[in-house]
Amino acid sequence: MRTRLCSNASPSSPHRNDHKKLVDSAVGATIAPMDELVEPNTQTVQRACQEFDDDNAIAERALDELFGAYPANTVEWQVLLKVVTLNRLYSTNILDVHGMTKRVCEIGDELDRSLQAASADIVDRVARLGLNRIEYSFASKFCSRHKPEQYPIWDSRARRYLLWVRRRSALAFMGKNPDLWDHYSEYVEMINSLRSHYHLTCSVRDLDKFLYQHGKAPEKATAGRGPAGHFGN
């Protein structure tokens, strides 16, 4: 069965040409002018975090309490609660939440051990639990809720911001194209490069919030067919 490309799919795949067409239709419509790019520093990250916290305090508290109460991933009803809530509040676009819950539980012991070891590979494993598409948005967010400092979030907003940065010739320090990677560890490397370049000392979680706040599509942009898995809308 051919894997259907979607916003949550790995940016690199055997169907890269199809993905490039999808990217062209999305990024071309939503790219921000270069002079509007807000670069990360202590002040801009703090401001973005404050804005995020003001807008999402209740949802974040609910997720913190839920994942804190049920940290393991072997009891199906507990995992269902986490999958459904995360899917709704973080708009990960999982269509079959019951199916995803069952498949997460099937690798629950492996998942819990990998989370404790902060293994990047487990995000690839969870992402591929989708039936016909690769769910990196869901996988990175699910792992991030367990270990926020070990798993930076990948979604359309993070992708969009990194594409904006890479389009600035003077800031081509990331090396890889944000749309052309095969393993989550490569995305982590991009985030680490961003942190290193800007000498950021903020937490991974705070950088997630910054990317969320500043990876928004321009208001006047025509909606494209880009990544559907958002860290909020």
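What follows draws every value from the coordinates through simple rules; no lab data is involved. All of these numbers come straight from a predicted model, not from anything done at the bench. Heads up, the Cβs are rebuilt from the backbone with ideal geometry, glycines too, and the neighbour counts pull from every protein chain shown.
With 10 angstrom as the radius, rank Arg125, Arg157, Arg88 by how many other C-beta atoms surround their C-beta, starting from the fewest.
Arg88, Arg125, Arg157
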Which of Ile122, His98, Phe67, positive extreme of dipole for the range 46-146 (C-beta unit charges): His98
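Going by how many other Cβ atoms sit within 10 Å of their own, how do Thr74, Thr201, Thr101 line up, fewest first?
Thr201, Thr74, Thr101
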Label-point separation in nm, Asp55 to Ala118, each point 7 Å along Cα→Cβ: 2.9 nm
Under Karplus coefficients 6.51, -1.76 and 1.60, residue-wise ³J(HN,Hα) of the range 156-161 in Hz, glycine/proline x: 5, 6, 4, 4, 5, 5
Convex hull of Cα atoms in the range 46-146, direction-averaged projection (nm²): 6.5 nm²
Karplus-derived HN-Hα couplings along the range 193-200 (A = 6.51, B = -1.76, C = 1.60, θ = phi - 60°), whole Hz, x at Gly and Pro: 5, 4, 4, 5, 4, 9, 6, 7
Ranked list, fewest to most other Cβ atoms within 10 Å of each Cβ, for Ile58, Ile122, Ile107, Ile191: Ile58, Ile107, Ile191, Ile122
Virtual spin-label span in nm between His183 and Thr44, 7 Å along Cα→Cβ: 3.1 nm
